[in-house]
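Worksheet: the structure to be examined is printed underneath.
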Amino acid sequence: MKKSRFIVFGITVVTIFAIIAASFGSVKDGMKMGLDLQGGFEILYEVSPLEGKDMPDMSAVAESVNKRVDVLGVNEPEITVEGNNRIRVQLAGVKNADQARRVISSTANLTFRDVNDNLLMDASVLKEGSASVGYDEYGNPLVNLKLADQKKFYEVTKEVASKSEGENLMVAWLDFDEKTDSYAKEANAENPKFISAARVQEGINSTSAQISGNFTKEEAKELSDLINSGSLPVKMTEIYSDSVTADYGTDAFSVTMFAGAVGIGLIMLFMILYYRLLGVISAVTIAAYVFVVFVLYNLMGAVFTLSGIAALVLGVGMAVDSNILTFERIRDALYSGRSVRTAFYEGSSKSFITIFDAQVTTFISALILFEFGKGSVKGFATMLMVSTITTLLLIVFIAKFLLKQLVESGWLDDKRSWFGVKESNIPDVSKGQERFYFGRFKGFDFVGKAKYFIFTSLAVLVIGAGCMTFNGVKGNGIFNFGIDFTSGTKITVQSDTPIDKSTLNNQLKDLGIQANSIKINGENNQNATVFVKDAIKTEKMDTVKAELKKTYKHDVNENTVTPVIGKELVQNAVLISILAWIGVMIYISVRFKWDYALSGIVALVHDVFIILAFCAIFRLEVNTEIIAVMLAIIGYSINNSIVVFDRIRDQVKERRHETLNAVTYREIVNVALQNTATRSILSTFTTVLPVICLLGFGSNAIFTFCLALCIGLLAGAGSSLFIAAQLWYQIRVHEKPKKAKKHKPRKKEEKEEMIVPGLNDF
């Protein structure tokens, strides 16, 4: 036995866990929480040019908005330009949504006018960035200004001072509207829109000036910061907003992380029990995989969201699937009578290309999702892309490296049972025995049994279509579209005590609000989410928020979606799905053939329709996260199909010297499925297991997401076995029978490796 190899294995494992333990604290501290975890505010603005001016470059607008965000003191804001005239602003940690709106959308166009609203001068007379907070002789806050054009300021103030009493006022305005604003209208208002109206007794010939009013220190600071940020050269119209409370996000994060940890722990335990030594190696690589994903996410500056955590858990399941592919190939070689060493190299070699194809198709789906998705969908896609790359670079090679050290050490030469195989099922080729164990599914007629799965799927689809028709006729909509896809308002209520659903509903009715649905969630039922079908006017919404705050003693947040946004989201969802299908189909056509690609795509479409059917039957909310589920299933389902196609292709190559007809094609499909069924079941189980944990222990915020994901995973596993392969079979059967290729004799006859005790240990 080569002890050096064994020592390398031990040192590698210890080093992995030492790095994880030493870096865990810094990695945790470096995590950036998204809106749904930390709480905060998100606004989507439509940008239009000011009257009489051209549309500026959107990058310049984004820079101006960024200066405004600095006024709020927000760390790591997300400011994204979307298209030619939209800007999305995400402010994690912001608690005062009204202040955020006021500061961001304000053009901060400072002007000085007379009592008749005539323009006297604008901010060009001031030095850029010179505004600061000061105090008068009574300790009242004011704003100090330094002048860039002292002469003009003197001439203007001298002219104003020459006017009669009551007319000698210089009114400072921020964002004066020529059409609606006037001094006469605002002069007697309790909270006038103008900043101040200073009486000018004489011309001011100084290098500085002051704006005074009934300011608080915070208001004076905000005004000075806005002036320093400069004028915003555009008009920004809010078309979408979303608020998430911090308490709700923290609770959701804690329970979701716990559920994810339980799921990953159960996967590790199952792999160890089923694959024994291979399972131990899998557990080590899973731990390293999760750690590296978190490190990469931190290095990228990416934001963790609830859907991103769900994608991580899904990624763990898919990473484990890569191990299962390799392990099943190794076990298959052992059952053929190969030595441990030969089985290791044969299994690793045959599984890699399958793993590569599977991860690439998932990456294609995730890339399309990232490119065209929005919000939480984009976060889900980011995590999924990181997961696929990490699987290829880490899971495959680390697992192979660790196992290679043990295999090359010679320690495992006579320990085939440590691979989770039965010694009694391994032939003794030295005595001329041939393989006799082909797995639990040997002889199972998958082609013949496919009709039962297809019948069940058709029944689900018909019931789903019936529910869609019934609800459509009743006027409830064919789907229970979430606020993401329809115009409406989402109101989030917090309380220190449990919220009663009926009490809240009655209070809303008294305020003239008809709630479509009310969901009670959070710890001890202290949070409520109210969905209203129609958009609520600002004045009415202010009243509702004020009354609910009186009752529940917490600020109330709202999220409004316009019909324009809803329409765009639906179009975007359809586009994403079609592009994903096209991308996957092109790749499979290149790697395999068109009939494989067509069969795989039909299976994917089936999986998507099954998810939609369940949404229709159980009236699950259809939102952007459901789109993320469908895209994830596209990637996952094709993984399973590719594994099956890979075995089918192997069988076709082995029979290239035979005339292929309906009988042989049926046998090819059945043998391929018999060889992959165990792997498909195990892979589905290890992927579904953490999702079930998220369903049982995770946040209510992602319950629908996880339920749809679970349905899609089960549908994807079934479709790869009973639809993709069966359709390929039907296509080939209806082709003209292919004649056998002429067999060219080999120069040297290849001999099967014989296991002879004492000889194969070197």
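The values are calculated or read from the model by the stated rules, or taken from the named source; none is laboratory data. Not measured: the values here are computed from a predicted model. FYI the Cβ positions are ideal-geometry reconstructions off the backbone, even for glycines, and counts take in every protein chain you see.
The single condition from (1) touching a residue at least 60 places away in the same chain (Cβ under 8 Å); (2) assigned to a helix (DSSP H, G or I); (3) over 30 Å from A333 (Cβ atoms) that K449 fails is (3). Taking the listed residues K415, K400, K431, K422, the one that is surrounded by 16 or more Cβ atoms within 10 Å (Cβ to Cβ) and closer than 30 Å to K2 by Cβ is K400, with no other qualifying. Number of residues in segment 140-162 that are charged (D, E, K, R), in contact (Cβ under 8 Å) with a residue 40 or more places away in the chain and part of a loop (DSSP other than H, G, I, E, B): the value is 0. Of the residues screened, S164 is not one that is modelled with pLDDT under 80 and out of contact with any Cys (no Cβ under 8 Å at 6 or more places or on another chain). Scanning segment 512-562 for residues that are part of a loop (DSSP other than H, G, I, E, B) and surrounded by fewer than 13 Cβ atoms within 10 Å (Cβ to Cβ), we see that the one that is modelled with the lowest pLDDT is D534.
Of T684, T704, all but one fail to be under 30 Å from I518 (Cβ atoms), of a type outside the set (A, V, I, L, M, F, W, C) and not assigned by TED's automatic domain parsing to the domain that holds I520; the exception is T704. One residue alone among V115, V156 is closer than 15 Å to S206 by Cβ, at pLDDT 85 or above and in contact with a strand residue (DSSP E or B) (Cβ under 6 Å, 6 or more places away or on another chain), and that residue is V156. Return a yes/no flag: does segment 344-361 have any residue that is within 18 Å of the chain's Cα centre (by Cα) and crowded, with 24+ Cβ neighbours inside 10 Å. Yes; the residues of segment 344-361 include at least one that is within 18 Å of the chain's Cα centre (by Cα) and crowded, with 24+ Cβ neighbours inside 10 Å. For segment 194-216, indicate whether the set of residues that are of a type in the set (K, R), closer than 26 Å to V133 by Cβ and surrounded by 15 or more Cβ atoms within 10 Å (Cβ to Cβ) is non-empty. No, there is no match, as no residue in segment 194-216 is of a type in the set (K, R), closer than 26 Å to V133 by Cβ and surrounded by 15 or more Cβ atoms within 10 Å (Cβ to Cβ). Of all positions in segment 383-405, at least one carries a residue that is over 34 Å from the mean Cα position of the chain (by Cα) and either within 26 Å of A287 (Cα to Cα) or assigned to a helix (DSSP H, G or I) (or both). One residue stands out among those in segment 2-53 that are in contact with a helix residue (DSSP H, G or I) (Cβ under 9 Å, 6 or more places away or on another chain) and at positive phi: the one that is modelled with the lowest pLDDT, which is G39. Test I395 against the stated conditions and say whether it is of a type in the set (V, I, T) and modelled with pLDDT under 85. Yes, satisfied.
Within segment 402-426, the set of residues being more than 25 Å from L682 (Cα to Cα) and either not hydrophobic (A, V, I, L, M, F, W, C) or not assigned by TED's automatic domain parsing to the domain that holds Y335 (or both) comprises Q405, E408, S409, G410, D413, D414. What do you reckon, is L604 within 30 Å of T326 (Cα to Cα), touching a strand residue (DSSP E or B) at 6+ places or on another chain (Cβ under 6 Å) and crowded, with 17+ Cβ neighbours inside 10 Å? Taking the combined requirement at face value, the residue does not satisfy it. For segment 617-668, the set of residues classified as outside any helix (DSSP H, G or I), surrounded by fewer than 18 Cβ atoms within 10 Å (Cβ to Cβ) and either modelled with pLDDT of 85 or more or touching a strand residue (DSSP E or B) at 6+ places or on another chain (Cβ under 6 Å) (or both) consists of R619 only.
Residue-wise test of (1) aliphatic (A, V, I, L, M); (2) in contact with a Phe, Trp or Tyr (Cβ under 7 Å, 6 or more places away or on another chain).
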| residue | (1), (2) |
| --- | --- |
| V313 | yes, no |
| A319 | yes, yes |
| I330 | yes, yes |
| A333 | yes, no |
| G337 | no, no |
| S351 | no, no |
| T361 | no, yes |
| F372 | no, no |
| T382 | no, yes |
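Scan segment 273-311 residue by residue and report those that are crowded, with 23+ Cβ neighbours inside 10 Å and either among the polar types (S, T, N, Q) or at positive phi (or both). S282, T285, T305, S307, listed by residue number.
Residues in segment 68-97 that are charged (D, E, K, R) and at pLDDT 70 or above: E78, E82, R86, R88. A count restricted to segment 462-479 and to residues that are in contact (Cβ under 8 Å) with a residue 12 or more places away in the chain and part of a helix (DSSP H, G or I) stands at 6.
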